[in-house]
Amino acid sequence: MAEATAKVIVNGLKKNFGKNEVLKGIDLTVKQGEVVCVIGPSGSGKSTLLRCLNRLEEINAGEVLVDGTNIADKSIDINKARQNIGMVFQHFNLFPHLSVLENITLAPTELGKADKGTSRETALALLDQVGLADKADAFPASLSGGQKQRVAIARALAMNPDIMLFDEPTSALDPEMVGDVLNVMKDLAKDGMTMVVVTHEMGFAREVADRVIFMDGGYIVEEGNPEEIFSNPQHNRTKEFLDKVL
Ligand code: ADP
Ligand code: MG
C-alpha cells in the first residue's frame, strides 16, 4: 500500500496570515527515505510550508499527516509528534550558555528519551558524524557558522527523528562553510533519512534530491526529478526563476 511508505501527506493545505493568503492549496507526499528539495523565490511560502509540517504554524484548511498522525488535530500530543520531526533553521538557534555537548543532550534528557550517560554517548557519536568530535566542550560563541550549523544538525538528530526538515540551512554561512554542512546532509540522505530541504543550493538539489519542488505565490507550480526541473522546466515561472539563480 502506497500510504504505508508515505512519511508526509499534505492535502489541500491553506495558510493565511490575516488577509495574506500564503499557502493556497498545497498537495505533497513525501515517501520514506525520499529527499525533497523545495526551491522558489523569496516570499513564495517555502518556510511557511515547512513550519506547517510540525505545527509551528496553525493551518487554515486541508490536512497534514506525518507518520499517519494528523498534525492539525488539537487532541494529539504535538510535542510527541515533533520528537519525530527534526528541524534545522537558517540561524542555528543554539543555546549560547550551554556547551556543544549540553546543547545536544538537553532535549533527550529533559524529555526522558535517554539517561544522561546514554545521551552523552549518542551526542559524542553524532558529533563525530558531523566532523566535530573535538568540540564537545566548546561553547557556541567559539564556533564558526558552519560548525554551529553542524551542531544544530547533531542536536536535531539526537532525538532520533524519522524526518528532517531544513530551512535554508546554509544561507547564513560564509561560502567556505557551506560545503561541510552540505556534506553532512548528503551523508544523511545516503543513510536513508527522509528529508525536506528548502534551499538555494541548486547544485545540492540537483545532486541529492529525489524530487525538486518549485513554489511560487503560495502554490507548487511544478515538481519533478532534478533533471526534469533543471534541464527541462515546463512552466515559464520555473524557467524565469532558474535563469536568475543558475
Ligand atoms: P519564503 O520562505 O518562501 O521566503 P515565507 O513562507 O517565509 O516565504 O513567507 C511567505 C509570506 O508569508 C510572506 O509574504 C511573508 O511576509 C508572510 N509571512 C510569513 N510568516 C509570517 C508571519 N509570522 N506573520 C505574518 N506574515 C508572515
Ligand atoms: Mg523562507
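Sort out which residues of the stretch 80-103 are open to solvent by 70 Å² or more (accessible area, probe 1.4 Å), closer than 30 Å to G12 by Cα and in contact (Cβ under 8 Å) with a residue 24 or more places away in the chain, and write them in order of number.
Residues satisfying the conditions are R82, H91.
The condition of being surrounded by fewer than 16 Cβ atoms within 10 Å (Cβ to Cβ), within 16 Å of ligand 1 (Cβ to nearest atom) and among the hydroxyl-bearing types (S, T, Y) holds for only one of S171, S142, that being S171.
Could you pull out the residue among N54, N11 that is farther than 21 Å from F214 by Cβ and either open to solvent by 10 Å² or more (accessible area, probe 1.4 Å) or within 16 Å of ligand 2 (Cβ to nearest atom) (or both)?
Exactly one of N54, N11 is farther than 21 Å from F214 by Cβ and either open to solvent by 10 Å² or more (accessible area, probe 1.4 Å) or within 16 Å of ligand 2 (Cβ to nearest atom) (or both), namely N54.
Of all residues in the stretch 104-124, those satisfying the criterion of being loosely packed, with under 15 Cβ neighbours inside 10 Å and either touching a Pro at 6+ places or on another chain (Cβ under 7 Å) or without any contact (Cβ under 8 Å) to a residue 24 or more places away in the chain (or both) are E110, G112, D115, K116, G117, T118, E121. If I filter the stretch 174-190 for residues that are open to solvent by less than 50 Å² (accessible area, probe 1.4 Å) and touching a residue at least 60 places away in the same chain (Cβ under 8 Å), do I get at least one hit? Yes, some residue in the stretch 174-190 is open to solvent by less than 50 Å² (accessible area, probe 1.4 Å) and touching a residue at least 60 places away in the same chain (Cβ under 8 Å). Listed here are the helices (runs of 4 or more DSSP H) enclosed by the stretch 145-241 that have at least 3 residues being out of contact with any strand residue (DSSP E or B) (no Cβ under 6 Å at 6 or more places or on another chain), under 11 Å from V35 (Cα atoms) and of a type outside the set (D, E): 175-190.
The values are calculated or read from the model by the stated rules, or taken from the named source; none is laboratory data. Since we're looking at a predicted model, the values are computed, not measured. Virtual Cβ from ideal backbone geometry, glycine too; neighbours counted across all protein chains shown. Surface areas here come from the heavy atoms of the whole protein model, side chains and all, with no ligands, DNA or RNA. Shrake-Rupley method; radii C 1.70, N 1.55, O 1.52, S 1.80 Å.
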